[in-house]
1. Give me the one-decimal nm value for the distance between modelled label points at residue 106 and residue 43, 7 Å along each residue's Cα-to-Cβ direction.
2. Rank-order 53-59, 42-48, 77-83, 110-116 by packing density, defined as the average count of other C-beta atoms within 10 Å over each peptide's residues, highest first.
3. Under 13 Å from a point 7 Å along the Cα-to-Cβ line of residue 80: which residues of the range 98-126 have their amide N that close?
């Protein structure tokens, strides 16, 4: 099961495109579902996401439902002079997880990949445009205990 999700994450970089992925082309309301792997257990997740301009930045906010309940998130993606993005705000943390409030990354032709760290933890969030007009959001969190929590959600416009 871990290999299945790892393989799905590796496919994120397989979407062909010619120019850098521009997250601002995905503004609007989105909904979808996917899977989350935590502690060796796979659960279903459903999400609603809104992507909207916020001045020069892009706001990504929403809520994902997992078996424990709803988990809100709210991230501001601010473009930097060097072409990278700074993501600040509240990411998807479960109780007991360290809040990683700043991620950085640079888009390539296939995705916008953001990474952030806290003591002993690393969080990677990837936004991937899909050929059918959808958007994949994949996350990976490595915890101080050595646990790997991974999610892949396929979204379509609402």
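Rule-based calculations on the coordinates, nothing more; no lab input. A quick note: this is a predicted structure, and the numbers were derived from the prediction, not measured. Note: ideal-geometry Cβ built from the backbone for every residue, glycine included; neighbour counts use all protein chains shown.
1. Taking the two extended label points, one gets 3.7 nm.
2. Most protected by this proxy first, the peptides run 110-116, 42-48, 53-59, 77-83.
3. 102-107, 113-117
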